[in-house]
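Notes follow the structure.
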Amino acid sequence: MSDDPEVCINCHIMQPQYDSWQKSSHHAVAVCVDCHLPHNFFGKYIAKAENGWHHSKGFTLQNFHEPIMIKEPNAQILQDNCLACHEDLAHELIVGVNGSADEVRCVHCHVTVGHGETTGLGGPE
């Protein structure tokens with residue numbers, strides 16, 4: 001129940017991602033929850049509950065994908081959070097002709113921004 005990334009990695013098997021985040025450009029300005037959870041109270045705890053259920057089930061049954069990959073609902077949260085911090089900079093680049101902000105995801109070009117290597121983060125191979 002903490003925002004400290006060292007607490008996050010106690011339960012989440014994300015040591016390589018944590019190590020690379022420490023060297024990333026976001027290390028000084030963002031922690032795990034800033035990118036990976038909604039910023040509103042209810043959204044944050046709904047996402048934590050849903051992810052907690054899926055993670056507990058996957059690790060208990062040992063039937064999770066390796067490498068760990070972000071699922072669509074969490075990829076949307078990540079995209080929303082990228083835009084929350086960088087909207088002024090990125091708005092004109094990502095809004096498509098129909099006005100939709102989900103035409104191109106930030107991680108399509110910036111796949112290594114938070115974690116270094118592309119393993120499990122999606123985007124172009």
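Nothing in this text is a laboratory measurement; each read-out follows from the coordinates by a stated rule. This is a predicted model, so every value here is computed, not measured. Counting neighbours? That spans all protein chains shown, and the Cβs are built from the backbone with ideal geometry, glycine included.
Put a dot 7 Å past each Cα toward the Cβ at Ser2 and Asp80; how far apart are the dots in nm?
Modelled inter-label distance: 2.7 nm.
Rule-of-thumb check for the stretch 18-98: C-alpha Rg over 2.2 N^0.38 Å?
1.28
In square nanometres, what is one fourth of the surface area of the convex hull spanned by the alpha carbons of the stretch 14-54?
Answer in nm², one decimal: 3.3.
Can you tell me how much longer the chain between Ala90 and Tyr18 gets when fully stretched, taken as 0.36 nm per residue apart minus their C-alpha distance, in nm with one decimal?
The span from Ala90 to Tyr18 would gain 23.4 nm if fully extended.
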